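Undergrad: Before anything else, here's the structure in question.
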Amino acid sequence: MPSLAATASPEPAIDSATKKHKKSKKPEAMEVEPTESPVSDTAAAASPETAIDSATKKHKKSKKPELMEVEPTESPVFDKKSKKKSKKEKEPVEAEEERVEAEEEPSKKKSKKKKRSSSDDDDEKSEIISDAVENDSDLKKKKKKQKLVEEEEKVEEDPNAVSKFRISEALREKLKGKGIESLFPIQAMTFNLVLDGSDLVGRARTGQGKTLAFVLPILESLTSGHLNSSRKTGYGRTPCVLVLLPTRELAKQVHVDFEAYGQAVGLSACCVYGGSSMREQENALKRGVDVIVGTPGRVKDLIERNVLDLKALKFRVLDEADEMLNMGFVDDVEFILGKVADVTKVQTLLFSATLPDWVKKISARFLKADKKTVDLVGNEKLKTSASVRHLVMPCSRAARPQLIPDIIRCYSRGGRTIIFAETKESASELSGLLPGARALHGDIMQAQREVILAGFRSGKFLVLVATNVAARGLDINDVQLIIQCEPPRDVEAYIHRSGRTGRAGNTGVAVLLYEPRYSHSIYRIERESGVKFEHISAPQAADVAESAGSEAAEAISKVSDSVVPIFRQQAEQLLSSSGLTAVDLLAKALAKAAGYTDIKKRSILSSMENYVTLLLQAGKPIYSPTFAFSVLRRFLPQEKIDGLKGLSLTADGMGVVFDVPADDVNLFLEGQENASMVSIEVVTKLPPLQEREQRGGRGRFGGGGGSSNKFGGGRRGGWSGGGGSRFGGRRN
């Protein structure tokens, strides 16, 4: 029985108290660390309120057994009482425990159910996230695959892509770094021919990438191709490539390409030209180089000094061969080419924009009989770049300083401008008249030339006035405008000059100015080259205002708002005192900001300032300038007729155009009322004019002897009323 067991030994009472004490620790542990009790965990998961109630009941229950924690051995009386009390308390405590467990049972089941539900939800979420990650991964793979396919298709679509050619990885990376993903036509058509060892004549329009057409295959041949094993290396090695060019500027630019791409494959290059230290060039050759780039004169000097040895030469290249002829390098070139003992061991490449007779003779004499020819021009007359707009504009020599700045404003679009003059004196004079311009010609020392070109390339100044010495040597990005002050002596010169713009796929504008006496040259250039000129008149006030005003407006818009309070008072005073509207006052401010305090009228026939072009019609054909002067004498005084300039017949034969001083325009317009069937009007667009042949004797339309042209019948080609102007006139 329970009573006998209780009295038989004090140990069961102690054990019972210990067990109860252990039970009482559970809710306390739950309050501090809820994760230690699975029961409390499930209760907490089931409901926060249930967990709190359960913890409170257990805490109350734990207080009763805590009172029983005494030393049972101190008093036998206390032991008996303790046993009895333990027995009495045991029954209600056990009953209470059973009741609490019965109450907690549904809560545990509910907690387990919710835990299972929560676990299922987590699994479901995990599956969803996993699916999303997989889908995202699949999407990325699909995009990557699609990108690769697109790139492959792109390569397939471009037959000139770099990957289509036998170009080493090092050079491919170098090309990629310069943004070159495909070769130009001349490069693509010549690459395999050169790499396979053929001699070559290459012809393409100016600015279409002839330089890389020989740089790339030569470097590949020497490092990866058939010449790799026979190429000499080490200190003191003699060059295996010689490149000849007509100018120092062009030689330096080709050297830059050989140096940049050569470094990628372990080859070195040296540039030799006149005007620089001979000792430095000799030292470079003694150390040993792979590629020599230079002008014929300096290369010849080095050969004669026994400094340059061509016995190991594998390639010789003539670039811009036609210009070497024009610059008088015929003897030097032939001397250099003749220094190669065994031409069968040397590959010769000739590149040129044009093929005059001397170039053809050089090709026949120094290139192998089975040479290849790549001609991207063929029998076409057009040899200039198709991306250049060609304009012609009548302009007297005196009008150039006033006209050229306006041409630059209207056509340069903020880019660089190169102006070509025929003589060194005119180049220096014109550069001094144009703000910020610099001159470049043969009298300038080499060191100063390099400083000028470096400044032009970097944008420190945007206008360069040069003689023909710079026409072939300049390869500068963003040359938007070329101005030629007069027609060149030969068609090839015009092609090369205009070719300084519109390079490498860019667009450009080439403006050719001409005096009336040079008009026949315009038609000769058109006839021989196939260029179709746009005949335009000089920029008028409206054209200049539109261009200059836009620049001024943009500059004003960039001024900080912080200046407004400082200048507001002066602006208000000016507005109130000027008597002008705010718009008119702002228009004057824009004109001043653009550098114009007065807009002068300008002839569209000769571009002379303060002259206006008029059109005279008499109601019937005007067959000669003589008849036109007779009509004018009917209603104008002779001194006014003597002041007109550049009289020329219209192409339809029904009128004449001429220039008069701006102050006399009203007199001419009012005078027509005194002559029947006569009309005079101001010309805003120059009509087509008659072209005249250059021939001796009396011209078809009269005028004193000599040649006649579309600007009149005098020896100088122009008509004036009597006194003879700078454009010529009747002989007295």
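The values are calculated or read from the model by the stated rules, or taken from the named source; none is laboratory data. Worth saying up front: this structure is predicted, and the values here are computed from it rather than measured. Methodologically, a virtual Cβ is constructed for each residue, glycine included, from the backbone with ideal geometry; neighbour enumeration extends over all protein chains shown. We work out accessible area using only protein heavy atoms, side chains counted, and drop any ligands, DNA or RNA first. Shrake-Rupley method; radii C 1.70, N 1.55, O 1.52, S 1.80 Å.
Undergrad: Taking region 161-180, which residues are in contact with a Ser or Thr (Cβ under 7 Å, 6 or more places away or on another chain) and either touching a residue at least 40 places away in the same chain (Cβ under 8 Å) or basic (K, R) (or both)? Break it down stepwise before answering.
TA: Step one: list which residues in region 161-180 are in contact with a Ser or Thr (Cβ under 7 Å, 6 or more places away or on another chain), which gives 161-162, 168.
Selection gives S168 alone.
Undergrad: Select, from L193, L222, the only residue that is touching a strand residue (DSSP E or B) at 6+ places or on another chain (Cβ under 8 Å) and open to solvent by 40 Å² or more (accessible area, probe 1.4 Å). Walk me through how you get there before you give the answer.
TA: Numbers: L222 fails: open to solvent by 40 Å² or more (accessible area, probe 1.4 Å).
Just a single option satisfies the conditions, and that option is L193.
Undergrad: If G699 meets every condition in (1) modelled with pLDDT of 90 or more; (2) surrounded by 13 or more Cβ atoms within 10 Å (Cβ to Cβ) apart from one, which number is that one?
TA: (1)
Undergrad: From R203, R248, grab the single residue that is within 26 Å of R365 (Cβ to Cβ), of a type outside the set (G, A, S) and under 32 Å from the mean Cα position of the chain (by Cα). Quick ask: steps written out before the conclusion?
TA: Working: R248 fails: within 26 Å of R365 (Cβ to Cβ).
Just a single option satisfies the conditions, and that option is R203.
Undergrad: If you don't mind, another one. Quick one: V665 ticks every box in (1) open to solvent by 30 Å² or more (accessible area, probe 1.4 Å); (2) part of a helix (DSSP H, G or I) except a single one, so which number is it?
TA: Result: V665 fails condition (1) only.
Undergrad: Only residues in region 259-288 that are farther than 12 Å from P239 by Cβ count as the first member; pair them with residues that are small (G, A, S) and open to solvent by 60 Å² or more (accessible area, probe 1.4 Å), Cβ under 7 angstrom, at least 6 apart or cross-chain, and list the lot.
TA: Matching pairs, first to second residue: none at all.
Undergrad: Now a separate question. Let me confirm something: among S562, S557, which residue is over 27 Å from V377 (Cβ atoms), more than 32 Å from the chain's Cα centre (by Cα) and not basic (K, R)? Steps first, answer last, please.
TA: Numbers: S557 fails: more than 32 Å from the chain's Cα centre (by Cα).
Result: S562 is the single residue among S562, S557 that is over 27 Å from V377 (Cβ atoms), more than 32 Å from the chain's Cα centre (by Cα) and not basic (K, R).
Undergrad: Here's something else I'd like to know. If I go through region 334-353 residue by residue, how many of them are closer than 21 Å to V289 by Cβ and crowded, with 16+ Cβ neighbours inside 10 Å?
TA: 8
Undergrad: I need the full set of residues from region 603-647 which are under 48 Å from the mean Cα position of the chain (by Cα) and of a type in the set (A, V, I, L, M, F, W, C), in order please. Talk me through it step by step, then tell me what you get.
TA: Here is the first cut: in region 603-647, the residues under 48 Å from the mean Cα position of the chain (by Cα) are 603-615, 644-647.
Passing the criteria: I604, L605, M608, V612, L614, L615, L644, L647.
Undergrad: Could you list, in sequence order, the residues of region 624-647 that are open to solvent by 40 Å² or more (accessible area, probe 1.4 Å), more than 19 Å from A662 (Cα to Cα) and polar (S, T, N, Q)?
TA: T626, S630
Undergrad: Here are G502, G508: which of them is in contact with a Ser or Thr (Cβ under 7 Å, 6 or more places away or on another chain), surrounded by 19 or more Cβ atoms within 10 Å (Cβ to Cβ), modelled with pLDDT under 85 and not hydroxyl-bearing (S, T, Y)? Before you say what the answer is, go through the steps one by one.
TA: On the way: G508 fails: modelled with pLDDT under 85.
None of the others qualify; the one that does is G502.
Undergrad: Looking at (1) free of Cβ contacts under 8 Å to residues at least 24 places away in the same chain; (2) of a type outside the set (S, T, N, Q); (3) on the phi > 0 side of the Ramachandran plot, which one does G530 not meet, given that it meets all the others?
TA: Against the list (1) free of Cβ contacts under 8 Å to residues at least 24 places away in the same chain; (2) of a type outside the set (S, T, N, Q); (3) on the phi > 0 side of the Ramachandran plot, G530 comes up short only on (1).
Undergrad: Are any of the residues in region 548-565 within 27 Å of P661 (Cα to Cα), touching a Lys or Arg at 6+ places or on another chain (Cβ under 8 Å), open to solvent by less than 70 Å² (accessible area, probe 1.4 Å) and touching a residue at least 60 places away in the same chain (Cβ under 8 Å)?
TA: Checked against the condition, which is being within 27 Å of P661 (Cα to Cα), touching a Lys or Arg at 6+ places or on another chain (Cβ under 8 Å), open to solvent by less than 70 Å² (accessible area, probe 1.4 Å) and touching a residue at least 60 places away in the same chain (Cβ under 8 Å), region 548-565 yields at least one hit.
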